[in-house]
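The values are calculated or read from the model by the stated rules, or taken from the named source; none is laboratory data. Since this is a predicted model, take the numbers as computed values, not measurements. Here Cβ is always computed from backbone atoms with ideal geometry, including for glycine, and neighbour counts include all displayed protein chains.
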Amino acid sequence: MYSTVLMKSNPSRRRFMGSVGAGAATLALRPLYSRNYLFGAPPLPGTDNFVHLNLNESPYGPSPKALKMIRDAVSLSGRYYYDLAFGGLAGELTDHHELDGDFVVTGAGCTEILKLCDDLFLGPKLQLVVAEPTYDAVIQYAVNSKAEAVKVPLTKDYRHDLAKMADAVTPQTGMVYICNPNNPTGTIVTKDEMDRFMNRIPESVTVVVDEAYSHFAGSGYESAVKYVKQGRNIVVAKTFSKAYGLAGMRVGYALSNEDLIAKMRPFTVDYAISALSAYAASAALTDSQHIERSVRLIAEQRQALYAELKKAKFEYIPSDSNFVMINVGRPVGDVIDEFYKRKILVGREFPSMPNFMRLTIGNADEMKKFFVAFREIFKV
Ligand SMILES: Cc1ncc(COP(=O)(O)O)c(C=O)c1O
């Protein structure tokens, strides 16, 4: 039953390709989580009657092929899944991105890849250049590494200010982090902006591009994988948590040039991805239809949300992702509480954008419930 997966992996790739990450303590309450969790234990989706529009998960979940694989692979739980973990999944990802060589490190979510990058490229007296606001786990890990985070405010239209980020680079810069599309604003760095930035940035500085939400981006967007192919000093971080709908499985990966991959590998934690997760990701890769469908349905619901917000005269930031920032015109904390009372979880507060609420796009039924609460809370 598993032989299809096992046979698929190219034997030439069955070299040691250690995987990353610990994934431990993910149930602990941490500030990265929504303020809603302060009300008690995190509710379980599907069992709590809450609508979960807070963590940018896909309401369409995993591909049926991934679900079947998870069930089929349960019996492998007693093994270290040697084949798939040590070469198979990394090999499949290499092929998926049309690379040829040792270009992939896998990890327990994109989060572990970001931590690994901070561990490797930062340290005391070194600087991380980032946008503000952006996905802040990378900043937390930099602080843990005793590095300094240099935060560059977004432009007036809430996009990365790449010119100012390039200006902020100094001999102490260990790493520049670009979140594209950006969490929490959903905005993108365009192909031309990225080209200009990469032409300016010294080759000695490592650029980490987080493409967790790349599947949702529209025109003007281009993946930074092309710079990996050019052998630039860049790491592209990706995940199965968003469009693939496998957030709970904890699978992410980095694409980079062979030299950087070799440097990253000793920082990985072997066997960090579970057997079930590795097999699920492998199966998910084969179902492009599921991704296309999920992305299309999310785009439809995003349009419906825009229409509702326009009607109610609410400002929002047009998004290239599966979440939208809405200006609620007052500090968002109380608004989050109001939605919580109506059993709707929305995104947490972002201190530099105090009046904005980040809303994950749900399915039609979830969005209907959101609209009912929205009209009630804002009396529109
Ligand atoms: C920009 C960004 N990067 C990484 C992650 C973490 O992804 P993963 O579940 O793969 O660790 C998230 C999760 O929300 C995110 O928004």
Next on the checklist: Take the conditions over 28 Å from GLN127 (Cβ atoms), in the same structural domain as LEU120 (by TED's automatic domain parsing) and among the basic types (Lys, Arg) and apply them to ARG232. Does it pass?
Outcome noted: no
Checklist entry - Has the range 281-298 got any residue that is assigned to a loop (DSSP other than H, G, I, E, B) and either under 22 Å from CYS179 (Cβ atoms) or away from the ligand (no atom under 14 Å from the Cβ) (or both)? => result yes
Checklist entry - Of all residues in the range 218-262, which are of a type in the set (Gly, Ala, Ser) and within 15 Å of the chain's Cα centre (by Cα)? => result SER223, ALA224, ALA237, SER241, ALA243, GLY245, ALA247, GLY248, GLY252, ALA254
Next on the checklist: Quick test for you: out of SER219, SER214, pick the one residue that is more than 15 Å from VAL169 (Cβ to Cβ), at pLDDT 95 or above, of a type outside the set (Phe, Trp, Tyr) and assigned by TED's automatic domain parsing to the domain that holds LYS164.
Outcome noted: SER214
Item to check | Of the criteria (1) outside the structural domain of VAL104 (by TED's automatic domain parsing); (2) in contact (Cβ under 8 Å) with a residue 12 or more places away in the chain, which one GLU300 fails | outcome: (2)
Next on the checklist: Condition first: part of a loop (DSSP other than H, G, I, E, B), more than 9 Å from the ligand (Cβ to nearest atom) and aromatic (Phe, Trp, Tyr). Now tell me which residues in the range 201-259 satisfy that.
Outcome noted: TYR221, TYR244
Next on the checklist: Take the conditions away from the ligand (no atom under 15 Å from the Cβ) and not assigned by TED's automatic domain parsing to the domain that holds ALA73 and apply them to TYR271. Does it pass?
Outcome noted: no
Next on the checklist: With the structure loaded, tell me whether VAL189 is crowded, with 20+ Cβ neighbours inside 10 Å and either more than 25 Å from SER321 (Cα to Cα) or within 14 Å of the ligand (Cβ to nearest atom) (or both) or whether it fails that test.
Outcome noted: yes
Checklist entry - Taking the stated definitions as given, is ASP210 under 30 Å from GLN301 (Cβ atoms) and acidic (Asp, Glu)? => result yes
Next on the checklist: Of the residues PHE350, PHE323, PHE356, only one is in contact (Cβ under 8 Å) with a residue 12 or more places away in the chain and either within 30 Å of LEU93 (Cβ to Cβ) or surrounded by fewer than 13 Cβ atoms within 10 Å (Cβ to Cβ) (or both); which?
Outcome noted: PHE323
Checklist entry - For the range 249-269, does any single residue satisfy the condition of being polar (S, T, N, Q), modelled with pLDDT under 95 and touching a strand residue (DSSP E or B) at 6+ places or on another chain (Cβ under 7 Å)? => result yes
Checklist entry - Hey, does the range 139-146 have a residue that's under 23 Å from SER256 (Cα atoms) and not in a helix (DSSP H, G or I)? => result yes
Checklist outcome for this item: Taking the range 103-132 and keeping only residues that are within 12 Å of the ligand (Cβ to nearest atom) and either surrounded by fewer than 23 Cβ atoms within 10 Å (Cβ to Cβ) or acidic (Asp, Glu) (or both), one is left with GLU112
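Looking at GLY329, GLY333, which one is touching a residue at least 24 places away in the same chain (Cβ under 8 Å), in a loop (DSSP other than H, G, I, E, B) and more than 23 Å from the chain's Cα centre (by Cα)?
Values: GLY333 fails: in a loop (DSSP other than H, G, I, E, B).
The match here is GLY329.
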